[in-house]
Amino acid sequence: KKKWPSLKVSPYDWLKDIRIPINIDLEEAILLGIFHTNGTIIPHHEDRNFDSRFELYGAKYDFEFYATIVAPLIRRVFNIIPRKPEEDKRRNNTGYTYNVPAYETNSIALVSWLQKSIGMSNSWSDREIPTLEKTEQKLGFFKGVVASLGRIYMYPDRTRMYILTRNLRFIQGLKIVSEELGFSPMVGKSGTLLDYSKSDIQKMIRHDIL
């Protein structure tokens, strides 16, 4: 509470011994990158007898990543065992549906920390890059975003990595973070895409981002 005065804790959090980190280091920053891009905050509704909930969804090819990387990282940082929803989460794309990896938790401590302490908006369209003062924090956050949104394409004459989202402010903030880390992304014409060169990709590999 001294570090995060806006933090709220429920009996559920005490019972489950859920932890909120005092400092944001590399692993915490990686999760923030993943949470900001793949997470959904469901706010508390007293009139519906509905507790706060945090949901996390991956892409259809992320099942192994979520099982071997994301879930253990959440357990290590927050002491939360992510549970799978009772029903498979499915997404629709051009007429067909497919399952995606998903986790959820009813930790009010986690939700309030993300909302009040980190400044993470419930709505993806309103999200911005959180305050990241240390290089380690920026590196971790960028690594989490790349893991969630980064897509590498190998063309006959070039190799590129794209990060695409409709959130213009998030892309603008991520470009600044990228440049502070030594990368040189170009912004697509729509303003919602970052385009990284092969040399940037090689540098990401050297920094264990990819």
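The values are calculated or read from the model by the stated rules, or taken from the named source; none is laboratory data. Worth saying up front: this structure is predicted, and the values here are computed from it rather than measured. Quick reminder, even Gly has a Cβ in these numbers, built from the backbone with ideal geometry, and neighbours come from all protein chains shown. Only protein heavy atoms, including side chains, enter the accessible area calculation; ligands, DNA and RNA are left aside. Shrake-Rupley method; radii C 1.70, N 1.55, O 1.52, S 1.80 Å.
Mind checking which lysines have their C-alpha under 26 Å from LYS84, skipping anything on the same chain fewer than 8 residues away?
Within reach: LYS8, LYS16, LYS60, LYS116, LYS143.
Rounded to the nearest 0.05, what FRET efficiency is calculated for ASP208 and VAL187 with R0 set to 25 Å and r the Cβ-Cβ distance?
Efficiency, from the Cβ-Cβ distance: 0.50.
Suppose R0 equals 25 Å. What FRET efficiency, 1/(1 + (r/R0)^6) with r the Cβ-Cβ distance, do PHE63 and ASP25 give to the nearest 0.05?
0.40
Roughly what percent of Cα-Cα pairs across the chain reach past 22 Å? Write out the running numbers ahead of the final one.
Numbers: 11365 of 21945 pairs.
Summing the P(r) of the chain above 22 Å gives 52 percent of all pairs.
Can you find, among PHE54, GLY33, TRP113, the residue farthest towards the positive end of the dipole of the chain? Put +1 on the C-beta of Lys and Arg, -1 on that of Asp and Glu.
It is GLY33.
Take the solvent-accessible surface of the protein heavy atoms, probe 1.4 Å, and return the percent of it on the range 112-210 that carbon and sulfur atoms account for. Show your work: numbers first, answer last.
Values: 2690 of 5330 Å².
After summing per-atom areas, the C and S share lands at 50 percent.
Return the sequence-ordered ³J(HN,Hα) values of the range 28-34 in whole Hz as given by the Karplus equation 6.51 cos²θ - 1.76 cosθ + 1.60 applied to θ = phi - 60°, using x for Gly and Pro.
4, 5, 4, 5, 4, x, 5
In Å², what does the accessible area per residue of the chain work out to with a 1.4 Å probe?
57 Å²
With a cut-off of 8 Å between alpha carbons and a minimum separation of six or more residues, what is the relative contact order of the chain in percent?
Details: 336 pairs, mean separation 47.3, N = 210.
With pairs under 8 Å counted, the relative contact order is 23 percent.
Counting only GluC sites (Glu not before Pro) that are in a DSSP loop and have at most 16 other C-beta atoms within 10 Å, tell me the longest site-free stretch of the chain.
Numbers: sites that count: GLU86, GLU87, GLU128, GLU133.
Between exposed loop sites, the widest span is 1-85.
What is the distance, in nm, between label points placed 7 Å from the Cα along the Cα-to-Cβ direction at TYR153 and at SER125?
That separation, rounded to one decimal, is 2.6 nm.
Quick check for me: using +1 on Lys/Arg Cβ and -1 on Asp/Glu Cβ, what's the dipole size of the chain about its Cα centre, in debye to the nearest 20?
In total the dipole reaches around 220 debye.
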